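Have a look at the structure below before the remarks.
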């Protein structure tokens, strides 16, 4: 559900950038007040893990479409909604800048669609409500399924409204809506199952991590190290090898566009769209999770994208998984330590 810049107008892009910046600023304030220095690596490890999982598109049987995990609900459950939102914003920033996945103008839309609904609506209003009487396998499954479906449905609906308000006549509201909602219902079911599996594993291994979010709980250093190492190993395996098995089918958004407008992407190369596309072409050193060719205007598409072979055994894909995970990890650890540093200095400034 990563939107390209061509799907939105500059006005909608600016509004969503503003909304996302407001939510991010509030989240940073909340995390700064609560963050324990020992828990910062968990944010980085979770970010690297979700980055890797978003590289895996799974086929939706009988549709010719595919989907990938959003990860927002998983982040909110393990990190809390505020740290979860910041982590999602960092993941999408790395993807947009260095891999050309999602537009720069559409960055605010993508963070809001994938992060806000899951972290601030699906998690507290659905998942926490279902599990507040006690955590159990059944409650984890029910909460994860319902919350994941709700979060993705809201995100998909938001995409439809954003394109409609942007005046994209190629994607009529009713027709686009009728494509987007059902396909993201199917994707939401898979996300719910995967989220439940991950949370159940963590609950069995370290149940104390779910009593409160990992950012604020009182788990020991050894427990935190095991969690961090586990998610980092999973990120390496998924990004470096499992990503070869990604489905070649268009994702839910592209599939919906093709069914509605007959194309999987729209063109917009003038004005702000062209300017931001030029920036992105320079910063994206592994565009579409593959190596650039000698022609600076082109790049090598992973085989999973072109449909040439499957599995797509590609060095470019593996390198992208490793590099993307490392960049996400580094960015989130840096953000965490900056927030922790500012938190420690605050009382001195007030004195």
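Every read-out reported here was derived from the displayed coordinates using simple, explicitly stated rules and does not represent laboratory data. Computed from a predicted model, the values in this text were never measured in an experiment. Because the Cβ atoms are built from the backbone with ideal geometry, glycine has one as well, and the counts that use them run over all protein chains shown.
Quick notes on this structure:
- FRET efficiency estimate (nearest 0.05) - Cβ-Cβ, residue 174 to residue 266, R0 22 angstrom: 0.75
- Length gained when the stretch residue 322-residue 233 is fully extended (0.36 nm per residue, less Cα-Cα span): 31.0 nm
- Cα shape, the chain, gyration tensor, a/c 1.5 rule: rounded
- GNM on the chain, alpha-carbon springs under 10 angstrom: the most fluctuating residue among 229, 56, 94 is 229.
- The distance from the alpha carbon centre of the stretch 7-65 to that of the stretch 131-207 is 14 Å, rounded to a whole number.
- Whole-Å distance, taken between Cα centres, linking the stretch 261-284 and the stretch 68-118: 20
- Computed packing ranks the peptides 162-175, 7-20, 143-156, 78-91 as 78-91, 143-156, 7-20, 162-175, most packed first, by mean other Cβ atoms within 10 Å.
- Shape class of the stretch 6-123 from the Cα gyration tensor (axes a ≥ b ≥ c, square roots of the eigenvalues): oblate, since a/c reaches 1.5 or more and a/b does not exceed b/c.
- Comparing 159, 111, 263 in a Gaussian network model of the chain where C-alpha atoms under 10 Å apart are linked, the largest mean-square fluctuation is found at 263.
- Contour minus Cα-Cα distance for residue 11 and residue 136 (0.36 nm per residue): 40.4 nm
- For the stretch 121-192: rounded, prolate or oblate by the Cα gyration tensor [a/c cutoff 1.5]: prolate
- Comparing 24, 197, 246 in a Gaussian network model of the chain, where Cα atoms under 10 Å apart are tied by springs, the biggest mean-square fluctuation is seen for 197.
- Taking the average, over residues, of other Cβ atoms within 10 Å as the packing measure, peptides 35-44, 329-338 rank 35-44, 329-338 from highest down.
- Cα→Cβ-extended label distance, 7 Å offset, between residue 341 and residue 63, nm: 4.5
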